[in-house]
1. Counting Lys and Arg as +1 and Asp and Glu as -1, each charge on the Cβ, what is the dipole of the chain about the Cα centre in debye, to the nearest 20?
2. For the chain, what % of the accessible area comes from carbon and sulfur atoms, probe 1.4 Å?
3. What nm value, rounded to one decimal, do you get for the distance between A298 and T41 when each label is placed 7 Å out toward the C-beta?
4. What's the local net charge at I347, with K and R +1, D and E -1, over the other residues with C-beta under 11 Å away?
5. Let me spell out the model: positive unit charges on the Cβ of Lys and Arg, negative unit charges on the Cβ of Asp and Glu, origin at the Cα centre of the range 192-346. What dipole size does that give, in debye rounded to 20?
6. In the range 74-152, what GluC sites (Glu not before Pro) fall in a loop by DSSP, with at most 15 other Cβ atoms inside 10 Å?
7. As I understand it, the dipole of the range 132-245 uses +1 on the Cβ of Lys and Arg and -1 on the Cβ of Asp and Glu, about the Cα centre. Which of I221, G194, G182 lies farthest toward its positive end?
8. Using +1 at the C-beta of Lys and Arg and -1 at the C-beta of Asp and Glu, which of A22, F33, L64 has the Cα lying farthest in the positive direction of the dipole of the range 11-145?
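The values are calculated or read from the model by the stated rules, or taken from the named source; none is laboratory data. Note that the structure is predicted; figures quoted are calculated from it, not measured. Methodologically, a virtual Cβ is constructed for each residue, glycine included, from the backbone with ideal geometry; neighbour enumeration extends over all protein chains shown. The accessibility values were calculated without ligands, DNA or RNA, using every heavy atom of the protein model including side chains. Shrake-Rupley method; radii C 1.70, N 1.55, O 1.52, S 1.80 Å.
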Amino acid sequence: MANGTVVQKSDVGIIGLATMGANLALNIESKGFTVSVYNRTADRTRLFVEQRARGKNIHAYFSLEDFVKSLDKPRRVILMVKAGEAVDEFSEQLATWLEPGDVIVDGGNSHFMDTERRVKTFGERGIHFMGVGISGGEEGALKGPCIMSGGPPEAEECMRPIFLKIAAKVEGDACYGYMGPGGAGHFVKMVHNGIEYAIMQAIAEVYDIFTTLLGLGAAAISEIFAEWNAGELNSFLLEIASEVLAKVDDETGRPLVELIQDKAGQKGTGKWTSQVAMDLGVPIPTIDAAVSARNVSALKEERVMLSRIVKCSMEEGGVDGSFLKSIARPSLYCTMLTAFAQGMSLISAASRKFGYATSLEEVARIWRGGCIIRARLLEMIRGIYSRKPSLTNLILDGSYAKELSDRHTEWRHFVSTAKVHGIPCPAISSALDYFDSLRRERLPANLIQALRDRFGAHGYERVDKPGTFHTEWRA
């Protein structure tokens, strides 16, 4: 350990020693790199180097000046601090001692437009700023995350040797990729999180329907999810859903999930995904539905009140359990397919809008391992983009569309079953609506255009001749 004295030049420095930062430092050191660490709270730094980092090539510093001086040139600093003001604060302080050619990496969940600003601001000083999405949670940070980098190409070249070594591996292939300049890395990570919202919501909806209509306990649903995870639904989120449902509370002997308050938290990346999609005019209704569902879950007091006031007559009669299980599986799969299609279409649109030139095949490749949304179906998605790199929506590919159309009957039965029994399934039903809307040659937007012209003289186009028209609708 160093206490104001440089022991040796380190390959990289990490600022922020909460769980993610500490685990990332250990991961990097385990791959043969020497690491300098700094945390705003000195006690946390001491605790880390005296316990988890004891005997390793990890050196602690208690001033930013000493921390920067400990790094080999060009200096590489990874910020693992809370998004927002902390990133700006540390970056500005670092800039006091950094030199042109040095690299600052923001490894948190920053908004991509903040990253765009920082890339420009520090670039004017000759300092490279990178926005890097790191997915995989605390376990991924320690054992191998999925890494989505963005920023100046020169900085990416400088950081690549470290990222390639610490990233998760799928059959020896590192789950690391350069997503493009500016805020591209954080944009792709943001969309990753939006897809994550949608898949989690869909899994929760299946759990709710099984619990409410079939009376299945958590353990039984855990077994069903484990069985499904061996097939086309194979994914990290379904795997851990099975684990979570199997967990028994030591105190009460009940399934722990049943003791957890039904109010879902969020840190903002799902909301950002919806906001950006609205700005770009890209429909992502399943992700939007998942964000809204979390907002509704937070209204616990109102929900309790309405559950006592509002009584609706629902369809009576038992539900065939075997049939419901048989239609739930393809419905969840179709929702996952749709969520990925929406997310990829958003990345495609943003890549064109912001000049990122993000390779969607590369996105699918690195998402296969390390990240929270890793799933077997990403191999199929990667193959589609390898054949059609400019595809704007996965559902436009015949093989992908067939995966949905082959299962649409079961999907409809599942949604209708939930609806007639008064059980919300916003993610699964919005995914079906999205699919149905895309496959319709004609939608009722003609009436919307007529109404807009009637009250606001906005004009409309005709199907039988070119041009823009306006009508005096009042007789």
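1. 560 debye
2. Values: 11450 of 22150 Å².
C and S atoms contribute 52 percent here.
3. Label-label distance for A298 and T41, simple model: 2.5 nm.
4. My count for the surroundings of I347 gives +2.
5. Computed charge dipole of the range 192-346: roughly 420 debye.
6. Values: sites: E85, E89, E92, E116, E124, E138, E139; in loops: E124.
Answer in residue order: E124.
7. It is G182.
8. F33
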